[in-house]
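First comes the structure, then the notes that go with it.
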Amino acid sequence: MKIDLTETNSSKINAAMVQARRDIGTPAIGMVLTLVIVTDEENAYDALKSANDASHEHPSRIVVVIKRASRSPRSRRDARLDAEIRVGADSGSGETVVLRLHGELVDHAQSVVLPLLLPDAPVVVWWPDGAPADLAGDPLGALGQRRITDTYSCEDPIRALGGRAGAYAPGDTDLSWTRITPWRSMLAAALDQQALSVVSATVEGEDENPSCELLAMWLADRLQVPVRRTLSSGPGLTAVRLATKDGDIVLDRADGALATLCMPGQPDRAVALKRRDTAELLAEELRRLDPDNTYEASLKFGVARLEASATPAEPEPAVAPAEQAPEPTPAPAPKPKRAKAK
């Protein structure tokens, strides 16, 4: 069921949702959280589709906030709220409210969203694209216990990682970090099988991929070894090599679906390591609502420190023999004086 409301307010939207649930015969609310999606018209369809797919695992009320740009000064002064309500089969396992904010209301989106949050339920805020620099300081971000971004969609992902590290607050996370969860699990399991001491590591992946940088920073932070970042044609993250005294541990995924795990003294094994879509990544992040301390430590390790740890220190230049100061010549011993004859 779909209901369109024009020039409305939050009170009328809540009343329409209650009536819609009664009309379809489900007056009870069985949702576990509120997911607020802050996006634009261009990305709204894909974001809402991913959220609906994730709601099959996490029934939720999805509130989509679309800020409409005003073209003229008069329209920018006129505040208007349009809403589209979806319940039943059109909204996954929960219910959906699409809000379109016009005029001055764009700067006060939190006042519109606040009455629509489920009572006594966690709130998660997700920016599929165009996230603010300070997530926790954003008025909408301050409503959520969990704030999700995706630096892969940024114009300069590596620079965005530095910005996320500088403005990090407990509850922040990134889908670029979620993408490497299977890699981290596989590498940790490989090191648990054999007590090998890692001396260095190499992370291989496509250029400007924040997941590769996050995995390299995680290895450098946890193992305290130099980590080198190399480039490949992709797709995404392609290989990780951990150098040990007994041989290399290699996790290689060339096609984006099936990987090969090579360990010293053991036969090669094929492991499933496919690239996941946004709905799977979002569903994983909705499973936990507490701060991710591992992500925080890896993010704050810093890409600059990663590059410094991967570059060996240059030895001090030796002083050329010609530049060495000459050794002092010892003074001649004084001659003994002869005694005069009397």
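Here are the numbers:
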| quantity | calculated |
| --- | --- |
| Every residue from the stretch 199-220 that is over 17 Å from the mean Cα position of the chain (by Cα), open to solvent by 20 Å² or more (accessible area, probe 1.4 Å) and among the hydrophobic types (A, V, I, L, M, F, W, C) | VAL199 |
| Single residue of ARG164, ARG159, ARG184 found to be more than 15 Å from LEU251 (Cα to Cα), touching a residue at least 12 places away in the same chain (Cβ under 8 Å) and basic (Lys, Arg) | ARG164 |
| Filtered residue count, the stretch 1-25, keeping only those that are touching a residue at least 60 places away in the same chain (Cβ under 8 Å) and more than 18 Å from ALA83 (Cα to Cα) | 1 |
| The stretch 221-258 - residue that is of a type outside the set (Asp, Glu) and within 17 Å of the chain's Cα centre (by Cα) and, of those, surrounded by the most Cβ atoms within 10 Å (Cβ to Cβ) | LEU237 |
| Filter pass, ARG147 being under 24 Å from VAL64 (Cα atoms), open to solvent by less than 50 Å² (accessible area, probe 1.4 Å) and of a type in the set (Lys, Arg) | yes |
| Failed item in (1) surrounded by fewer than 16 Cβ atoms within 10 Å (Cβ to Cβ); (2) modelled with pLDDT under 90, with MET31 passing the rest | (1) |
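Residue-wise test of (1) closer than 24 Å to MET31 by Cα; (2) of a type in the set (A, V, I, L, M, F, W, C); (3) within 27 Å of the chain's Cα centre (by Cα); (4) modelled with pLDDT under 95.
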site: ASP90; (1), (2), (3), (4): yes, no, no, yes
site: LEU99; (1), (2), (3), (4): yes, yes, yes, no
site: LEU105; (1), (2), (3), (4): no, yes, no, yes
site: VAL113; (1), (2), (3), (4): yes, yes, yes, no
site: ALA121; (1), (2), (3), (4): yes, yes, yes, yes
site: ILE148; (1), (2), (3), (4): yes, yes, yes, no
site: GLY166; (1), (2), (3), (4): no, no, yes, yes
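The values are calculated or read from the model by the stated rules, or taken from the named source; none is laboratory data. What you see is a predicted model, and the numbers here were worked out from it, not measured in a lab. No Cβ is skipped: glycine too gets one built from the backbone with ideal geometry, and neighbour counts run over all protein chains shown. Just so you know, the surface numbers come from the protein's heavy atoms only, side chains and all, with ligands and any DNA or RNA stripped out. Shrake-Rupley method; radii C 1.70, N 1.55, O 1.52, S 1.80 Å.
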